[in-house]
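Colleague: Okay, here's the structure, questions in a sec.
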Amino acid sequence: MAERLIDVLDGSGVVIHTYPITLEQSGDEVNDAAYEAKALEAAAHGRLVSDAELGSLSARKHVSRGGQMAPYGDDVAGSSETKAALEQTVRERAYFLWEQDGCPAGRANEYWQRALEQHLRERAHVLWEQEGRPDGRADEYWNRVRHFEAL
C-alpha cells in the first residue's frame, strides 16, 4: 500500500483540505490520477462543500512547503462529515426513528443500523446525481459509500 497527501482545491484554486490517501498497488505503479480521484471522492463523502459545488473541486499532489510532508492546518467546515459528525448525525436520526416507533425497549442497535443505512443511501444518491445519474450503476454507488464509511 502506498500513501500520498492530496490537496483538494475549490473552484478558485484555494486548498480547502489535504487528505492522506492510501491505495493498494498492484503490479504497475498507481498514477497521481487515482489518488486525486479518491481525494475528490473523500471530499464529496465528507461534504467539504455543498453538493452543488462538488463539480468545481479539483485535486493535486500535496506540495511540501519544506521539511516533512504534512497536511495543511486547514479548518474543515463544521458541516464536513468527519467520523464524529457522522456518528452524531446517525445518533440523532436513530433517536428520531426510535421516538417515531413509540420508544420500544432493547432495540438501540436496530435503530442505529437503520439510521446509518438511511444516511449512507442519501450520500450514495447525491454522488450518483453528481456523476450524471448513470443507468444501472446504483449498486456501485452504494458499495462505494459503504466501503468509504468502513475505513
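None of the figures in this text is laboratory data; all of them are computed from the coordinates on show. As the structure is a computational prediction, the values presented were derived from the model and not from experiment. Methodologically, a virtual Cβ is constructed for each residue, glycine included, from the backbone with ideal geometry; neighbour enumeration extends over all protein chains shown.
Colleague: Compare the peptides 131-138, 2-9 by average per-residue count of other Cβ atoms within 10 angstrom and give them in order, highest first. Write down the numbers at each step before the final one.
Modeller: Values: 131-138: 9.9, 2-9: 17.9.
Averaged packing, sorted descending, gives the order 2-9, 131-138.
Colleague: Under the rule of at least 5 residues apart or a separate chain, name every residue whose amide H is placed under 5 Å from the amide H of ILE16.
Modeller: VAL8, LEU9, ASP10
Colleague: Highest mean first, how do 116-126, 100-110 rank when packing is the count of other Cβ atoms within 10 Å averaged over residues?
Modeller: Numbers: 116-126: 16.6, 100-110: 9.7.
Highest-to-lowest ranking by the protection proxy: 116-126, 100-110.
Colleague: Hey, can you grab everything whose amide H is under 5 Å from the amide H of ILE21? Only 5+ residues off in sequence or another chain; H modelled, so Pro and N-termini drop out.
Modeller: Here ARG4, LEU5, ILE6 satisfy the definition.
Colleague: As a footprinting exposure proxy, order VAL15, VAL63 by other Cβ within 10 Å, with the fewest listed first. Working shown, then result.
Modeller: On the way: VAL15 16, VAL63 9.
Sorted ascending by nearby Cβ count, the order is VAL63, VAL15.
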